[in-house]
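All remarks here apply to the structure that follows.
The values are calculated or read from the model by the stated rules, or taken from the named source; none is laboratory data. Remember, predicted model here, so these are calculated numbers, not experimental data. All Cβ positions, even for glycine, are placed from backbone atoms using ideal geometry, and neighbour counts span all protein chains on display.
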Amino acid sequence: MTVNGAYKKLPVTTEVLIRAALVRTLTQLPSVKYVGISVEGESLLDSMGAPVGWMKADQFIDNDGNEINTYEQAKVKLYFAGWDGTHLIAAYREKMYLTTTSMERFIVQELINGPSGQVAGLYPTINPSTEIINVTTKDGICYVNLSGTFLNVVNNVSKELAIYSIVNSLVELSNINKVQILVDGQIPNTFSQSIYERNLDIVDTLENSLLKEQEYMEQQEQQTTTKQESEK
């Protein structure tokens, strides 16, 4: 949809709330999954000067109308899985959130929500049915208590990679150095340790991951072609 130049003059908070209202309203139509906004033919930019692009409803948190002044815009660094489930890829996400929700809980919830789908090469690390029981931080350690569904891994992502997607994302916050993950209040005996620290050895760039995926697909195609020729 296209709006006129007056849209650019809106206060930041007002603009984001209007944007949220438009997206959440229009995506209620069965035929509408994403909404894009342009201002007099030019791409809408966020407060950081980056193109907003296509938006979907779950980019905006529900508001009952009584907490309009408790929203703030957050830009967080999240770690999602690469194509083969053996490495993590960092991605930034900018989204309005309720200040009554801790930033730690917000990050974990966004990981559960998974990639936005607007960037190719990013895959979920956590079962979307996982529920957050509690998230607290004390003395630099963030304690994350999740429902048992967390242990049911998605796609080909290992349990360890799912753990480090949470750990690496949370330690991006200045007040967190380590993370302990509980499942239904207990540390599963399948976990390699009780408290985790940042692990950058399993982090790759999106560009490199996409290149490896392309090479793998080409190898698979070549093997298929070779097999078909040998069977003739």
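Summary of computed values
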{"item": "Some residue of region 175-194 being closer than 27 Å to Lys75 by Cβ, surrounded by 13 or more Cβ atoms within 10 Å (Cβ to Cβ) and aromatic (Phe, Trp, Tyr)", "result": "no"}
{"item": "Among (1) under 23 Å from Pro188 (Cβ atoms); (2) surrounded by fewer than 16 Cβ atoms within 10 Å (Cβ to Cβ) - the single one Thr101 does not satisfy", "result": "(1)"}
{"item": "Test: Gly53 is farther than 24 Å from Ile195 by Cα, surrounded by fewer than 17 Cβ atoms within 10 Å (Cβ to Cβ) and at pLDDT 80 or above", "result": "yes"}
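Every residue, every condition in (1) closer than 22 Å to Lys56 by Cβ; (2) surrounded by fewer than 19 Cβ atoms within 10 Å (Cβ to Cβ); (3) in contact with a strand residue (DSSP E or B) (Cβ under 6 Å, 6 or more places away or on another chain), yes or no:
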| position | (1), (2), (3) |
| --- | --- |
| Leu78 | yes, no, yes |
| Gly82 | no, no, yes |
| Ile112 | yes, no, no |
| Ile126 | yes, no, no |
| Ser129 | yes, yes, no |
